[in-house]
Amino acid sequence: MRGAENLGIMARLVDADKAYAASILIKKWHWWLMDRRPPYLEQYAKNVLRECRDFRPDVLIATGLAPLSETVLEKINRLGIHAVNYLTDDPWNRKQRSHWFFKTLPLYKNVFNVRRSNIADLKKAGCRNVHYLPFGYDPGLHYPEKPAGEEEMRKYQADILFVGGADGDRLLFIRALIRKGFRVALYGNYWNRYVETMRYARGFADPRQLRLATGCAKISLCLVRRSNRDDNVMRSYEIPAAGGCMLAEDTAQHRAVFGDEGESVYYFSNELQMVQKASYLLTHENARKILRQNAYNKITQKNNTYADRLKEMLMITASSTEKNHDAS
């Protein structure tokens, strides 16, 4: 939405949280027994349809596993509105796979996918136009910020910062860091459920707290979500934009963005490599400074904002629309 405003594009936001606004018991019922359907999927989808009829946008952008029903998407398409999806999650992830969403996928004119690993799967599922479009960052939220004083600096200091949920494969990496004796700071879901990580869990953080944590930590760890078959995550862009020194999981997309080892980030493929490279960086302050600056420049001096991602989505959608008109 902020990207649209920055580009001078008229837009409306329909909050998808309203599709999930139910009691915990009802949410669990729908999650486990109703194919992971949002409790108010139909009501929310009809509200989106009303907004489309009122606002008459050229394009409807749904994000991820958007709570839009098959029936409503068909009606939106009949209005001449180009429904597209910025697919931030992998629908084949067993933790969130749902048949109702698979029925909606072929109804999107374009699917903009943040990972390459499932593009073939999306095409087999009936998606006509699939485009690789990675995550980005919001310059209004992700930028370097210094703490207000010594007390705030001490509050956010850490050897290694990680922001994200406590997935099982991530837990293995964090355990290795804790065993090594590093000062670890963890923000996100479920870290307080494990005995080993409980004392390092800092709950959720607002954007300013994350900026301060990223700037004050000596190293920011970037782990992809393997259950999502990711090659990049939101933090891949947010860490350098906020001035962090990034130690990143080795993926093709990370190397495409940040270059070879040591150019602007350090890479690892397993727990041993991660611990070794973290140990090196923690004892080489000048190397960390160089990495911070180089990664910041690589991200901020190229087209990596969400406004840039939006611009690309709209250009591709306009181009595919023109081709369809020419074909007809």
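Taken along the Cα-to-beta-carbon direction at a fixed 7 Å, the label points for I9 and K28 span 4.0 nm. Computed 3J(HN,Hα) for the range 143-151, one whole-Hz value per residue from the Karplus formula 6.51 cos²θ - 1.76 cosθ + 1.60 where θ = phi - 60°, is 7, x, 9, 8, x, 6, x, 4, 4, glycine and proline marked x. Comparing L161, L247, L33 in a Gaussian network model of the chain (Cα springs below 10 Å), the most mobile by mean-square fluctuation is L33.
Net charge dipole, the chain: roughly 660 debye, given to the nearest 20, about the Cα centre with Cβ charges of +1 for Lys and Arg and -1 for Asp and Glu. Taking a straight line from the alpha carbon of K289, these lysines sit under 27 Å away, with near neighbours fewer than eight places off in the same chain left out: K146, K155, K180, K218, K277, K298, K302. Using the Karplus relation 6.51 cos²θ - 1.76 cosθ + 1.60 with θ = phi - 60°, the per-residue 3J(HN,Hα) values for the range 126-142 come to x, 6, 6, 10, 10, 10, 7, 8, x, 5, x, 9, 10, x, x, 10, 10 Hz, with x marking Gly and Pro. Between the amide H of T305 and those of Y137, distances stay under 5 Å, these residues lying 5 or more places away or on another chain, with hydrogens modeled in the peptide plane. By the beta-carbon count within 10 Å of each Cβ, the least crowded to most crowded order of L186, L282, L73, fewest first, is L282, L73, L186. Helix 271-282: angle to the longest alpha-carbon principal axis of the chain, degrees 0 to 90, nearest 10? Tilt relative to the chain: about 60 degrees. Please label the shape of the range 150-300 as rounded, prolate or oblate, based on the square roots a ≥ b ≥ c of the eigenvalues of the alpha-carbon gyration tensor (a/c under 1.5 means rounded; beyond that, a/b larger than b/c means prolate, else oblate). It is rounded, given that a/c, with a ≥ b ≥ c, falls under 1.5.
With a simple spin-label model that places each label point 7 Å from the Cα along the Cα-to-Cβ direction, the separation between N270 and Q301 comes to 3.6 nm.
Per-residue 3J(HN,Hα) values for the range 49-60, derived from phi via the Karplus relation 6.51 cos²θ - 1.76 cosθ + 1.60 with θ = phi - 60°, read 4, 4, 4, 5, 5, 7, 8, 6, x, 6, 9, 10 Hz in sequence order (x marks Gly and Pro). Length gained on full extension, R183 to R53: 41.4 nm, using 0.36 nm per residue less the C-alpha separation.
According to the square roots a ≥ b ≥ c of the eigenvalues of the Cα gyration tensor, what is the shape class of the range 224-318, taking rounded for a/c under 1.5, prolate for a/b larger than b/c otherwise, and oblate for the remainder? Verdict is oblate for the range 224-318.
The distance between label points at A287 and N129 comes to 4.6 nm (points 7 Å beyond Cα on the Cα→Cβ vector). Of A295, G262, M274, which is farthest along the charge dipole of the range 150-300 in the positive direction, counting Lys and Arg as +1 and Asp and Glu as -1 at C-beta? Of the listed residues, the answer is M274. Dipole of the range 150-300 computed with +1 at Lys/Arg Cβ and -1 at Asp/Glu Cβ about the Cα centre; of C222, I174, H284, farthest Cα towards the positive end is I174. For L60, the residues whose amide H sits under 5 Å from its own are H82, A83, V84, ignoring neighbours fewer than 5 places away on the same chain, with H placed 1.01 Å from N. Cα centroids of the range 253-293 and the range 82-128: 33 Å apart. Given +1 at the Cβ of Lys and Arg, -1 at the Cβ of Asp and Glu and no other charges, the dipole of the range 150-300 around its Cα centre is 340 debye to the nearest 20.
Quick note: the coordinates plus some simple rules give every number you see, no bench work behind them. Computed from a prediction, not measured in an experiment: that's the story for all the values here. Every residue, glycine among them, receives a Cβ derived from its backbone with ideal geometry; neighbour counts consider all protein chains shown.
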